[in-house]
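Working notes, beginning with the structure itself.
The values are calculated or read from the model by the stated rules, or taken from the named source; none is laboratory data. From a predicted model like this one, the values you see are computed outputs, not experimental measurements. Here Cβ is always computed from backbone atoms with ideal geometry, including for glycine, and neighbour counts include all displayed protein chains. Quick note on the areas: whole protein, heavy atoms, side chains included, nothing else; ligands and nucleic acids left out. Shrake-Rupley method; radii C 1.70, N 1.55, O 1.52, S 1.80 Å.
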Amino acid sequence: MTSSKWTLADGTDYKTGMIIMWIVLGVFVFFTLACLWTIFTIKTIVLTSKTLIIKRPFLLLQKTVPIDNIRQVTERTFKINPTVRWTTYNVYEGKQILIECFQGKSILLNSFEISDYYNLTKQLSKLRREKNNGSGKQNEDLKNENQGYGWLVFVALLTIGLIYSIIKQKL
């Protein structure tokens with residue numbers, strides 16, 4: 001944007017045109033950084049018969065919580081209700097789970113971030129019940145490793161298409 005020549009409408013001050021250009025560029029950069037932040041903070045959750053694994057693949061972070069280490073699991077409502085000009089809008093309403101560990105650490109997950117939230121909570125409760133009852137039955141691994149990757153592929157293809165169209169216009 002800054003390297004291309006800008007033509008202003010007749011009667012428009014040069015400074016005004018540059019301010020508009022920088023505002024448009026600033027909005028673009030803001031949303032680009034917000035999208036990158038969202039991509040970097042994507043969570044992938046893997047629940048096995050012995051552990052709960054929370055991965056952030058783009059930050060190369062992984063947190064492993066053994067099922068035996070979970071002290072308490074509580075579930076409550078989760079709402080996104082922004083207030084604009086003294087009016088509250090109901091954007092999202094779902095559930096939130098708080099997983100408290102014995103070391104005093106806690107993990108907060110909600111149905112807005114996790115697509116299979118209800119299946120995760122059901123299987124986690126089932127595993128905890130079996131551990132508390134002393135059941136020796138081994139469960140198969142419950143994995144959902146593809147969570148969020150569909151949107152990532154869509155955004156990547158959209159970005160490639162936009163770059164291709166920009167390059168094609170320049171030629």
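When the accessible area of segment 11-55 is split by element with a 1.4 Å probe, what percent falls to carbon and sulfur? Intermediate results must be reported in sequence, preceding the final value.
Working: 2360 of 2930 Å².
Within segment 11-55, the accessible surface is 80 percent carbon and sulfur.
Please list, ordered by chain and number, the residues whose modelled amide H lies under 5 Å from the amide H of residue 78; skip anything fewer than 5 residues away on the same chain.
Answer set, sorted by chain and number: 94, 95, 96.
Ordering 163, 114, 42 from largest to smallest accessible area (1.4 angstrom probe), what's the sequence?
On the way: 163 90, 114 5, 42 40 Å².
From most exposed to least exposed: 163, 42, 114.
Read phi for every residue in segment 100-114 and hand back ³J(HN,Hα) as whole Hz from Karplus 6.51 cos²θ - 1.76 cosθ + 1.60, θ = phi - 60°, with x for Gly and Pro.
9, 9, 5, 7, x, 7, 9, 10, 10, 10, 9, 6, 6, 7, 10
If ligands, DNA and RNA are left out, what is the accessible area of residue 100 with a 1.4 Å probe, given in Å² to the nearest 10?
40 Å²
Using 20 Å as the Cα-Cα cut-off, could you pick out the over-long pairs in 50/122; 95/122; 15/168; 15/170?
Values: 50/122 15 Å; 95/122 13 Å; 15/168 31 Å; 15/170 27 Å.
Table pairs above 20 Å Cα-Cα are 15/168; 15/170.
Between residue 53 and residue 75, what length in nm is gained on full extension when 0.36 nm per residue of separation is reduced by their alpha carbon distance? The partial results should precede the final answer.
Numbers: separation 22, 0.36 × 22 = 7.92 nm, distance 1.90 nm.
Gain in length upon complete extension: 6.0 nm.
Computed FRET efficiency, Cβ-Cβ of residue 116 and residue 10, R0 45 Å: what is it to the nearest 0.05? Walk me through the numbers on the way to the answer.
Numbers: r = 58 Å, r/R0 = 1.29.
According to the calculation, E is roughly 0.20.
Which trypsin sites (Lys or Arg not before Pro) from segment 43-120 combine a DSSP loop assignment with at most 15 other Cβ atoms within 10 Å?
Details: sites: 43, 50, 55, 63, 71, 76, 79, 85, 95, 105; in loops: 43, 50, 85, 105.
Taking segment 43-120 and a limit of 15 other Cβ atoms within 10 Å, the loop trypsin sites (Lys or Arg not before Pro) found are 43, 50, 85, 105.
For the full complex of protein chains and a 1.4 angstrom probe, list 59, 157 by accessible area with the highest value first. All intermediate terms of the calculation are to be shown ahead of the outcome.
On the way: 59 80, 157 115 Å².
Sorted descending by solvent-accessible area, the residues read 157, 59.
Quickly work out the residue 151-to-residue 32 label distance, labels modelled 7 Å from Cα along the C-beta direction, and quote it in nm with one decimal.
2.1 nm
Counting only C-alpha contacts under 8 Å and six or more residues apart, can you give the relative contact order of segment 21-120 as a whole percent? Walk me through the intermediate numbers first.
Details: 135 pairs, mean separation 16.6, N = 100.
The normalised contact order for segment 21-120 reaches 17 percent.
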